[in-house]
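Accompanying notes for the structure given below.
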Amino acid sequence: MTFQKFLLLNVAVAALTFSGCNTSDDDDELVATETSSDEVDDSDSSESDDATEEEVQEANNSISEYDSEKNQIDSLTTESSIVITWNGSSASVEGSADNVDVAISGSSVTVTSTTESVIEYVLQGSSTDGNIKLYSDHKYKLTLNGLTLTSKTTAAINNQSKKSLFLYLAPETTSTLADASSYTSTDDSEDCKGCIFSEGQIVLCGTGSLNVTGNYKHAIATDDYLTINQNVTLNINGSVKDAIHTNDYIVIEDGTITINSCGADGIESDEGAIQINGGDINITTTASTSKCIKAVGDITINGGTLTLDNSGSGEWDSTEADYSNASCIKTSGAFAMTDGYITATATGTAGRCIKVNGDANISGGTLSLKATGTYMQQSGQDYNTAGAIKVSGNMTVSGGTIEAYVTNSGAKAIKVAGTYTQTDGNVTASASGSSLGSSSSGWGSSSSYTSRAKGMKVTGAVKISGGYLTAYSKTHEAFETKSTLDISGGELYGQSDKDDAINASSTMTINDGFVCAYTTANDGLDANGNLYIKGGVVFAVGASSPEVAIDANTEGGYKLYVQGGTLITVGPLESGASLSQSCYQASSWSKNTKYALTVGSDTYVFTTPSGSAGSGMIFSGASTPSLKSGVTVSGGTTHFSGVGALVENGSVSGGSTVSLSAYSGSSSWRR
């Protein structure tokens, strides 16, 4: 922060204090002061459909009891097989079993079983006005053998048993089911809310195909859990509410699942968690506040390919006095990914790709996320903006690839309310939208709001010890933490077209790794506390005076310390820096020119900006550096990309020697 900025800030604060202005802000950067709090940020606050901590814990406790082996079709030994065939307005039955009664009334079938044996019911044929209801004291197998069944009065399949229903799709068959738009023949004392409904667990298995339409509420609903554990093909072509709705958890091991035209969520576990270990899942949702995948408990992705497209918009919930957003993935618990592929696109107003109320832990897999929706603002409330990843807890990245992009005003690609830790993996966070700022009653009024478009914002402390992190913003900070930033390995690249490239509200420490902070509009590296460079390689580009390449908060009594590592800057350092490792300067530089800096046995080639930037260049290393301009380079290891590319130990040729002089730190080109 420059002295001019500091002076203007204090004048603004004094004016606000005098007028009694009480400001509130989406992003802690108020219209006239930097002293506001983060707590009033749309992504940090809850949404109207969030669950309580107790509900999340109960959901996670339930899925921890899941037994994969007992839910395999091979674990069943059937004692008898009963075949039920529909033929238009009638149905017939072949086969029998002790303690099993099959009652037929036209094309409506009711099965009542009190046997303790496993019975297989084979359903086949076709009817435009048929249905089946089953009561059973024991688990059973329901085989769909090319069944086409449409009900005009109730669910197509209604399991009133609380025992497991193994819904088996016979190989090389396609079954098609649809329910009535209103249920007129359902017992009022019984629950029934989907084309396929079950009071007990549903195990969807086999290798056949199933098409389901939910004209009343859901396409598939169970008051217990659902697992899909074989290579089924499931197509849900429409539902009035959630396409798949469970009260308990959902486990998907395999299968091809396609969901379109649902009136609410694609897959929802209302009181449970969701685990996806495999399969090919394609979900498109369009309804306001809808979610492609939603759970009260944790959502865990261990494999599979997910393609999620949500064009639904957010809304203001007047009852809860809070926003409710559409999301591709939403969990009130934690989100974890160890493997697999997720492609998520959110195009609706204030839409999110992934919204996590708990912690996020990415250790593998690939996430390709893009949120392009515009913002919304309820009168007298903060901005509610789009986002690729919004985490209310802590976020840890130890592997995998994350590509997060946002394109509209005020949006942040990755927003973390807690801490952020990265030990490996490749993360890209890009925001190309403009910033938002408005006042409900003009300057000096009682309510002012802003929201800044940023590549990545973290409220808590940030620790980076490995991996690659690239952040970009067109209009504001590329990477920002409201706490400390500690880098001990890996690569961090921040590029901003209009503001600081990398900003920390407290202490910034670089012990190792590669860091590039590139901007021609403000400070490259900016710490509001002390800034320590103890090791690693740092390449910083800042704007012309009064900005600098590396800025520490000297106005607040803090300082920049250069104690080790390799340092390259285009633009000066904050004045008064403590330089225990010698620094050297070149008083001028040529635009769009390749320079080679040699420190000991290492050489680094960088390219200067094509436009205006800070005056002079500063260098530091473990030994006295040398510099050449106008070089060419081939091979080597390229760190960062684009304008910030830094080539390490490539084959350098040509160029002319540039004279370097000692730099004391007590002077700078900043006015």
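From the list Ser368, Ser327, Ser392, which residue is within 27 Å of Ala59 (Cα to Cα), open to solvent by 10 Å² or more (accessible area, probe 1.4 Å) and either in contact with a Lys or Arg (Cβ under 9 Å, 6 or more places away or on another chain) or free of Cβ contacts under 8 Å to residues at least 40 places away in the same chain (or both)?
On inspection, the qualifying residue turns out to be Ser392.
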Notebook entry, point to check: Of the conditions (1) touching a strand residue (DSSP E or B) at 6+ places or on another chain (Cβ under 9 Å); (2) in contact (Cβ under 8 Å) with a residue 24 or more places away in the chain; (3) open to solvent by 20 Å² or more (accessible area, probe 1.4 Å), Thr637 fails just one. Which one is it?
Noted result: (2)
Next item on the list: Show the residue pairs that are 6+ apart or on different chains and have beta-carbon atoms under 7 Å apart, the first residue being within the stretch 278-295 and under 9 Å from Leu308 (Cα atoms), the second being in a loop (DSSP other than H, G, I, E, B).
Entry: Ile281/Gly304; Ile283/Gly266; Thr285/Asp265; Thr285/Gly266; Thr285/Gly312; Cys292/Gly266; Ile293/Gly266
Check: Within the stretch 203-212, can one find any residue that is surrounded by 23 or more Cβ atoms within 10 Å (Cβ to Cβ) and over 22 Å from Asp74 (Cα atoms)?
Finding: yes
Check: Any idea which of (1) of a type in the set (Ser, Thr, Tyr); (2) touching a Cys at 6+ places or on another chain (Cβ under 6 Å); (3) open to solvent by less than 10 Å² (accessible area, probe 1.4 Å) is the one Ser198 doesn't satisfy?
Finding: (2)
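Of all strands (runs of 3 or more DSSP E) completely enclosed by the stretch 425-488, which ones contain at least 1 residues that are open to solvent by 20 Å² or more (accessible area, probe 1.4 Å) and modelled with pLDDT of 95 or more?
So the answer is 462-473.
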Item checked: Lone qualifier among Ser108, Ser68 - being open to solvent by 30 Å² or more (accessible area, probe 1.4 Å) and at pLDDT below 95 -> Ser68
Note to self: Anything in the stretch 72-91 that is at pLDDT 95 or above, open to solvent by less than 60 Å² (accessible area, probe 1.4 Å) and not β-branched (Val, Ile, Thr)? List them, or say none.
What the structure shows: Gln72, Ser80, Ser81, Trp86, Gly88, Ser90, Ala91
Next item on the list: Select from the stretch 625-634 the residues that are polar (S, T, N, Q) and either exposed (fewer than 14 other Cβ atoms within 10 Å of the Cβ) or touching a helix residue (DSSP H, G or I) at 6+ places or on another chain (Cβ under 7 Å) (or both) and list them in ascending order.
Entry: Thr632, Ser634
Item checked: the stretch 145-163, residues that are surrounded by fewer than 24 Cβ atoms within 10 Å (Cβ to Cβ) and closer than 22 Å to Glu79 by Cβ -> Asn145, Gln160, Ser161, Lys162, Lys163
Next item on the list: Just give me the residues in the stretch 213-233 being closer than 16 Å to Ala170 by Cα and surrounded by 23 or more Cβ atoms within 10 Å (Cβ to Cβ), in sequence order.
Entry: Ile228
Margin query: For the stretch 155-184, which positions are of a type in the set (A, V, I, L, M) and outside any strand (DSSP E or B)?
Written below: Ala155, Ala156, Ala170, Ala180
Checklist line | Selection within the stretch 136-189 - at positive phi and among the small types (Gly, Ala, Ser) | finding: Gly146
Margin query: Out of Asp254, Asp265, Asp242, Asp187, I need the residue that is assigned to a loop (DSSP other than H, G, I, E, B), of a type in the set (Asp, Glu), surrounded by fewer than 23 Cβ atoms within 10 Å (Cβ to Cβ) and within 26 Å of the chain's Cα centre (by Cα). Which one?
Written below: Asp254
Check: Checking Tyr375 against (1) touching a Lys or Arg at 6+ places or on another chain (Cβ under 8 Å); (2) buried (at least 18 other Cβ atoms within 10 Å of the Cβ); (3) not aliphatic (A, V, I, L, M), which test does it fail?
Finding: (1)
Margin query: Checking Gly351 against (1) in contact with a Lys or Arg (Cβ under 8 Å, 6 or more places away or on another chain); (2) buried (at least 24 other Cβ atoms within 10 Å of the Cβ), only one condition comes out false. Which one?
Written below: (1)
Check: Would you pick out the residues in the stretch 585-606 that are among the hydroxyl-bearing types (Ser, Thr, Tyr) and buried (at least 20 other Cβ atoms within 10 Å of the Cβ)?
Finding: Tyr595, Thr603, Tyr604
Margin query: Give me the strands (runs of 3 or more DSSP E) completely within the stretch 289-393, filtered to those with at least 3 residues that are farther than 21 Å from Ala264 by Cα and among the hydroxyl-bearing types (Ser, Thr, Tyr), ordered by residue number.
Written below: 360-371
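Just to confirm my filter: which strands (runs of 3 or more DSSP E) fall fully inside the stretch 495-567 and include at least 2 residues that are in contact (Cβ under 8 Å) with a residue 24 or more places away in the chain, open to solvent by 10 Å² or more (accessible area, probe 1.4 Å) and under 22 Å from Glu648 (Cβ atoms)?
Correct list: 508-519.
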Next item on the list: Considering only residues that are out of contact with any strand residue (DSSP E or B) (no Cβ under 7 Å at 6 or more places or on another chain) and small (Gly, Ala, Ser), look in the stretch 611-634 and name the one that is nearest to Gly536 (Cα to Cα).
Entry: Ser615
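Looking at the structure I just gave you, is Thr421 within 18 Å of Leu485 (Cβ to Cβ), in contact with a Lys or Arg (Cβ under 6 Å, 6 or more places away or on another chain) and open to solvent by 10 Å² or more (accessible area, probe 1.4 Å)?
Answer is yes for this residue.
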Item checked: Residue under evaluation Glu172, criteria (1) touching a Leu at 6+ places or on another chain (Cβ under 8 Å); (2) open to solvent by 10 Å² or more (accessible area, probe 1.4 Å); (3) closer than 19 Å to Thr85 by Cα, criterion not met -> (1)
Next item on the list: Look at Thr300 and say whether it is touching a residue at least 12 places away in the same chain (Cβ under 8 Å), over 20 Å from Ala178 (Cα atoms) and open to solvent by 40 Å² or more (accessible area, probe 1.4 Å).
Entry: no
Notebook entry, point to check: Looking at the stretch 281-297, which of the residues that are β-branched (Val, Ile, Thr) and over 21 Å from Thr258 (Cβ atoms) is surrounded by the fewest Cβ atoms within 10 Å (Cβ to Cβ)?
Noted result: Thr289
Checklist line | Failed item, numbered, when Gln275 is tested on (1) out of contact with any Leu (no Cβ under 8 Å at 6 or more places or on another chain); (2) open to solvent by less than 40 Å² (accessible area, probe 1.4 Å); (3) in contact (Cβ under 8 Å) with a residue 40 or more places away in the chain | finding: (2)
Margin query: Here is a check on your reading of the model: is Lys139 out of contact with any His (no Cβ under 8 Å at 6 or more places or on another chain), open to solvent by 10 Å² or more (accessible area, probe 1.4 Å) and touching a residue at least 60 places away in the same chain (Cβ under 8 Å)?
Written below: yes
Notebook entry, point to check: Among the residues of the stretch 572-584 satisfying the criterion of being part of a strand (DSSP E or B) and not hydrophobic (A, V, I, L, M, F, W, C), which is surrounded by the fewest Cβ atoms within 10 Å (Cβ to Cβ)?
Noted result: Ser578
Next item on the list: Tell me which residues, restricted to the stretch 64-80, are out of contact with any Ser or Thr (no Cβ under 9 Å at 6 or more places or on another chain), farther than 15 Å from Glu120 by Cβ and not small (Gly, Ala, Ser).
Entry: Glu65, Asp67, Gln72
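The values are calculated or read from the model by the stated rules, or taken from the named source; none is laboratory data. It should be emphasised that the depicted structure is a prediction, and the values quoted were computed from it without experimental measurement. Glycine also receives a Cβ, built like all others from the backbone with ideal geometry; neighbour counts cover every protein chain displayed. Accessible surface is based on the protein model in full, side chains and every heavy atom, while ligands, DNA and RNA are left aside. Shrake-Rupley method; radii C 1.70, N 1.55, O 1.52, S 1.80 Å.
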